[in-house]
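Below is one structure; the comments refer to it alone.
The values are calculated or read from the model by the stated rules, or taken from the named source; none is laboratory data. Keep in mind the model is a prediction, meaning the values are calculated, not measured. Methodologically, a virtual Cβ is constructed for each residue, glycine included, from the backbone with ideal geometry; neighbour enumeration extends over all protein chains shown.
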């Protein structure tokens, strides 16, 4: 009781001392209420800070995992593109030889079918990149690249094949651009993430 009285006297002196200042209190109970309010606010702020730190750490882990997954997907796509490029080069060379040799029709049909499969694979891969990146693609331009209009007998088969080879090469270049853009985005995310946690 004596100890309590000592604190009460001390707080009374504080009330008297602060009279007329911007921080004055009318009575001792005002000081106790202010202390209680500040303790509650401090506790709430500490809880919020802990929650934000936890969310931040979880977001960082998610970003690191996402970056790894996308880097693996990028590597896989690069390998697939390299494989398709080799096939395209091989078939283009074979096609040029066939044109110069004017070999049997059956062999030419086999090469044509293989080239068609390769072109379809490249177009499929390009379409996957375009859908994944959610870029607006001009449908008319894509249809012109994917479908060919038969213009009668005036267009020769070698001219058609050369145009198809050029369109496929162009599609592979567009795929490479998507991969470069994607790689730059991942690098930017990682640099931002590393910069925040230093």
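For (1) within 30 Å of residue 168 (Cβ to Cβ); (2) at pLDDT below 90, each residue gets a yes or a no:
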site: 1; (1), (2): no, yes
site: 22; (1), (2): no, yes
site: 27; (1), (2): no, yes
site: 57; (1), (2): no, no
site: 60; (1), (2): no, no
site: 69; (1), (2): yes, no
site: 90; (1), (2): yes, yes
site: 96; (1), (2): yes, yes
site: 101; (1), (2): yes, yes
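Test residue 160 against the criterion of being at pLDDT 70 or above, surrounded by 13 or more Cβ atoms within 10 Å (Cβ to Cβ) and farther than 30 Å from residue 191 by Cα, and give yes or no. Against the criterion (at pLDDT 70 or above, surrounded by 13 or more Cβ atoms within 10 Å (Cβ to Cβ) and farther than 30 Å from residue 191 by Cα), residue 160 qualifies.
Return a yes/no flag: does the range 47-65 have any residue that is assigned to a helix (DSSP H, G or I) and more than 41 Å from the chain's Cα centre (by Cα).
So in the range 47-65, the residues assigned to a helix (DSSP H, G or I) come out as 47-65.
Cutting the leftovers down to more than 41 Å from the chain's Cα centre (by Cα) gives us none.
Checked against the condition, which is being assigned to a helix (DSSP H, G or I) and more than 41 Å from the chain's Cα centre (by Cα), the range 47-65 yields no hits at all.
Within the range 118-139, the set of residues being modelled with pLDDT of 70 or more and exposed (fewer than 12 other Cβ atoms within 10 Å of the Cβ) comprises 124, 131.
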